[in-house]
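A short write-up of the structure that comes next.
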Amino acid sequence: MKEKIAVITGGATGIGRKTAHLLAQAGIAVAVTYRKSKTEAEALIDEIERLYGASGLAVKGDVSQEAECVEAVDTIIKAYGKIDILIHNAGPYIHERKTMIDYTSEEWNYLMNGNLNGFFYMAKEIVPHMRRNKWGRIVTFGFERSETAPGWIYRSAFAAAKTGLTSLTKTLALEEAVNGITVNMVCPGDITGDWKESDIEKAKKHQDEAVPVGRPGTGEDLARVIRFLCDEKSDFITGSVIPVTGGKDVLNKIYQE
């Protein structure tokens, strides 16, 4: 995997940050896009360069804005000459619980652009570069059971965007398989707060009776799966939607509350 170039959207913090560490540890150069977290993004790049000797780049780019996506990809291509891996980690979320009719048009478009259109903007720019090299790995983020298009009460916009992204992930996998490009989705469980940047070993020291495996989920749980999907020998896995939930039924828990 050495000399591969990965782009992680919204990777300055959270699960994206943890993924950057695991990819850099494998010798992969990592470009991280950010919207507002410039300080965190630059600190992350300094850290992975110091710890692993891997190359890194922090790039301004709001995925909800097509022009910024085009500019970010252009900056990365100028720096490295290619892009091999796209991890579409960025995806806005509104924590306030509200019914569909209570969303403003601005809020709806914000969630749609960030979670669905943003992937289209990035992939449209990056896939041609992968095609030229006949190799690519793309990973998107969904939610538990998003491939079944479930209803998610008080999360209509987010659920609609991610469900659309699930279908788009599977479609792109079919279209690009002939070009040596795999496209898969990972679906995090109930991973919140500091656990997004935490390690599995730390989580093993904490009990969580709400999770069947008995411990909290971490960013490392997701990052390890993503790292596997990016491997040279993972070329037979494409169009897959992989839950990383510890067995927890997140949606049913929400309905019961």
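Of note:
- What the Cβ-Cβ distance of THR39 and VAL178 gives, at R0 = 45 Å and to the nearest 0.05, is a FRET efficiency of 0.60.
- Kyte-Doolittle mean at least -1.0 and Cα axial length at least 24 Å: DSSP H helices in the chain: 156-176
- Stretchable slack from ILE237 to GLN207, in nm (0.36 nm times residue separation minus alpha-carbon distance): 7.5 nm
- Peptides 45-56, 111-122 ranked from most to least packed, by the mean per-residue count of other Cβ atoms within 10 Å: 111-122, 45-56.
- Residues whose amide H lies under 5 Å from that of SER198, counting only those 5 or more places away or on a different chain, are GLY219, GLU220; hydrogens are built 1.01 Å from N in the peptide plane.
- Contact order normalised by residue count of segment 110-225, Cα under 8 Å, 6+ apart, percent: 26 percent
- Here's the list of lysines a cross-link from LYS78 could span, going by alpha-carbon distance under 26 Å and ignoring same-chain residues fewer than 8 apart: LYS2, LYS4, LYS18, LYS36, LYS38, LYS60, LYS124, LYS134.
- Tail fraction, Cα-Cα pairs, segment 1-76, threshold 16 Å, whole percent: 41 percent
- Springs between Cα atoms under 10 Å define the GNM used for the chain, and in it the highest mean-square fluctuation of VAL70, VAL32, VAL59 occurs at VAL70.
- Its residue count N fixes a reference of 2.2 N^0.38 Å for segment 71-159, and the Cα radius of gyration divided by that reference is 1.32.
- Sequence-distant aspartates and glutamates (8 or more away, or on other chains) whose Cα lies within less than 20 Å of LYS202: ASP190, ASP194, GLU220, ASP221
- Computed packing ranks the peptides 196-203, 60-67 as 60-67, 196-203, most packed first, by mean other Cβ atoms within 10 Å.
- Ranked packing of 171-177, 123-129, most packed first, by mean Cβ within 10 Å: 123-129, 171-177
- Dimensions of segment 5-256 along the principal axes, based on C-alpha atoms and rounded to the nearest Å, stand at 50, 43, 38, largest first.
Each value in this text was obtained by applying a stated rule to the coordinates, not by laboratory testing. Since we're looking at a predicted model, the values are computed, not measured. Cβ sites come from the backbone with ideal geometry, for glycine too, and all protein chains shown count toward neighbours.
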